[in-house]
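Everything on this sheet refers to the single structure shown next.
The values are calculated or read from the model by the stated rules, or taken from the named source; none is laboratory data. Worth saying up front: this structure is predicted, and the values here are computed from it rather than measured. Here Cβ is always computed from backbone atoms with ideal geometry, including for glycine, and neighbour counts include all displayed protein chains. Accessible surface is based on the protein model in full, side chains and every heavy atom, while ligands, DNA and RNA are left aside. Shrake-Rupley method; radii C 1.70, N 1.55, O 1.52, S 1.80 Å.
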Amino acid sequence: MDITRVSDIAQHDGQQVTVQGWVYNRTDKGKLTFLLVRDGSGFVQCVAFKGDLDETLFDRIRHIPQESSVVVTGTVRADKRAPGIPGGYEIGISDLQIVQAADEDYPMALKEHGVDFALDHRHLWMRMPSQWAILRVRATVISAIREWFDTNGYLNMDTPILTPAACEGTSTLFETPYFNEGMAYLAQSGQLYNEANIFAFGKVYAFGPTFRAEKSKTRRHLTEFWMVEPEVAFCDLDQLMDIEEQFVAHIVKRVLKDRRAELESLGRDISVLEKIEPPFPRISYDEAAEMLKQIRDETDDPEKKELLTFEWGMDFGSPHETELTNRFDKPVFVYGYPTQVKAFYMEPWPGRPEVCKSVDLLAPEGYGEIIGGSERISDHDLLLQRIKEHNLPREAFEWYLDLRRFGSVPHSGFGMGVERTVAWLCGTEHIRETIPFPRTIKRVYP
Ligand code: 4AD
Ligand code: MG
């Protein structure tokens, strides 16, 4: 039997097709029953007309429970009103087989559910159009990430998940006992290993799961998330920003090309994404701090004033990032953060040791940081000094220090969080919906 995918339905207008899938919704109207059938690639309306079908078949269709698995055969016809994703076509049913008639007590039946209930039923929730669409966008983001690096001279290198020490601060480490070797820690980043990789391969990227025991319960934090991390030899901070803007623009373009129907089904304003073209604005931390001061001075809202409390030297919180990004219609680079709020490995700003050669890319519409990156310290003695200042165990970093003894060069890299990027592209409020099975401070189930 030839099976048609719902995503290809437009190519079969006027033809008889067979679709394998599940009943997402059923509506009865007189002699007509409408089934919204999903097959993984899309949602399509299938119409049963009493006059076309024998009585038992029509009766079976009329009583089919939501989520029953089915094989539907019928003729495709264009109809602008037909709901679905992508929509605009329906199937006039000539035959329907039920593979399994679902139990009647489907927990995620078509009614409003609280977020906790939905998250407890994530294994079922992902079948719903919004969740399905977001996860389809995610897959395309991942594909676009690999495509860009693979076609721009970067070698994919996998970095370890079990590691001997911290990369991004000791407060968010997950520990696990490791045989007779003491504690091992789940990787917070593959960066340090990528720095070794560039001295063999020049330009590399790591792409994998990352773990942070984040105590913060925000809409931007997961404890397990996916990060892509390129690292480049002979690359300074300005060149790093050039790479980032080309890379991000490519991802946006791919998603607009391949996932337009999904974005539309989510109600995403696509015109704002169409504006995402390089160059992206670049402002220093000092300039950003000045802008925030101005915004705070201009507002009459005491609550907002309080929320935007800020002094030079502080890291930006989400309210600050939201205000800043609202001033731009593209992602904005903020570079040159205070050394004290950033990781130990960042190159100091020439002549201003209180500032480092770091850059964050903040997504518009209040989404905030999606990328963190920097130029790395290339001098051995300075790096050693920083390791000591941060109370990191020198023995665990001997190999990392070696990289500054044998052919050290200026080099830079960044990490982009997949979930935050998908949340921005989809216009999703909370990043827990952008990963199939989210892990947060309160959740490891299902
Ligand atoms: O800014 P971060 O901490 O940078 C690093 O880890 C560097 N070592 C990367 C590098 O230069 N190779 O994290 C990078 C990105 C953030 O911008 C954010 O998108 C994401 O990772 N991220 C998180 N996403 C979800 N939940 C969390 N708890 C996250 N922490 C960081
Ligand atoms: Mg960061």
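Brief remarks on what is shown
- Members of segment 364-394 found to be under 26 Å from Phe280 (Cα atoms) and more than 13 Å from ligand 2 (Cβ to nearest atom), listed by number: Pro364, Glu365, Gly366, Tyr367, Glu375, Arg376, Ile377
- Close pairs (8 angstrom Cβ cut-off, 6 or more residues apart or separate chains): open to solvent by 40 Å² or more (accessible area, probe 1.4 Å) in segment 360-384, within 15 Å of ligand 1 (Cβ to nearest atom) and among the basic types (Lys, Arg) anywhere: Glu369/Arg220; Glu369/Arg420
- Segment 76-91: number of residues that are surrounded by fewer than 16 Cβ atoms within 10 Å (Cβ to Cβ) and part of a strand (DSSP E or B): 2
- Which listed residue, of Phe310, Phe344, is more than 12 Å from ligand 1 (Cβ to nearest atom) and among the aromatic types (Phe, Trp, Tyr): Phe310
- Test: Glu311 is in contact with a strand residue (DSSP E or B) (Cβ under 9 Å, 6 or more places away or on another chain), in the same structural domain as Pro364 (by TED's automatic domain parsing), open to solvent by 40 Å² or more (accessible area, probe 1.4 Å) and of a type outside the set (Phe, Trp, Tyr): no
- Looking at Leu425, Leu403, Leu383, just one residue is more than 12 Å from ligand 1 (Cβ to nearest atom), over 23 Å from Gln239 (Cα atoms) and either modelled with pLDDT under 95 or in the same structural domain as Thr223 (by TED's automatic domain parsing) (or both), and that residue is Leu425.
- Scanning segment 308-359 for residues that are without any contact (Cβ under 8 Å) to a residue 60 or more places away in the chain, among the hydrophobic types (A, V, I, L, M, F, W, C) and part of a loop (DSSP other than H, G, I, E, B) gives Leu308, Phe310, Trp312, Met314, Phe316, Phe328, Phe344.
- Test: Arg352 is modelled with pLDDT of 95 or more, open to solvent by 10 Å² or more (accessible area, probe 1.4 Å), in contact with a Phe, Trp or Tyr (Cβ under 6 Å, 6 or more places away or on another chain) and more than 16 Å from ligand 2 (Cβ to nearest atom): no
- Members of segment 395-443 that are assigned to a strand (DSSP E or B) and away from ligand 2 (no atom under 16 Å from the Cβ): His411, Thr440, Arg443
- Top-ranked residue of segment 95-117 - restricted to ones that are open to solvent by 60 Å² or more (accessible area, probe 1.4 Å) and touching a strand residue (DSSP E or B) at 6+ places or on another chain (Cβ under 7 Å), ranked as nearest to Glu262 (Cα to Cα): Leu110
- No other residue among Phe397, Phe437, Phe414 is in contact (Cβ under 8 Å) with a residue 60 or more places away in the chain, farther than 23 Å from Ile142 by Cα and not basic (Lys, Arg) apart from Phe397.
- Subset tally (residues that are in a loop (DSSP other than H, G, I, E, B), away from ligand 1 (no atom under 12 Å from the Cβ) and of a type outside the set (Val, Ile, Thr)) for segment 150-173: 9
- Matching residues in segment 263-283 - criterion: being assigned to a helix (DSSP H, G or I), surrounded by 20 or more Cβ atoms within 10 Å (Cβ to Cβ) and touching a Pro at 6+ places or on another chain (Cβ under 9 Å): Ser265
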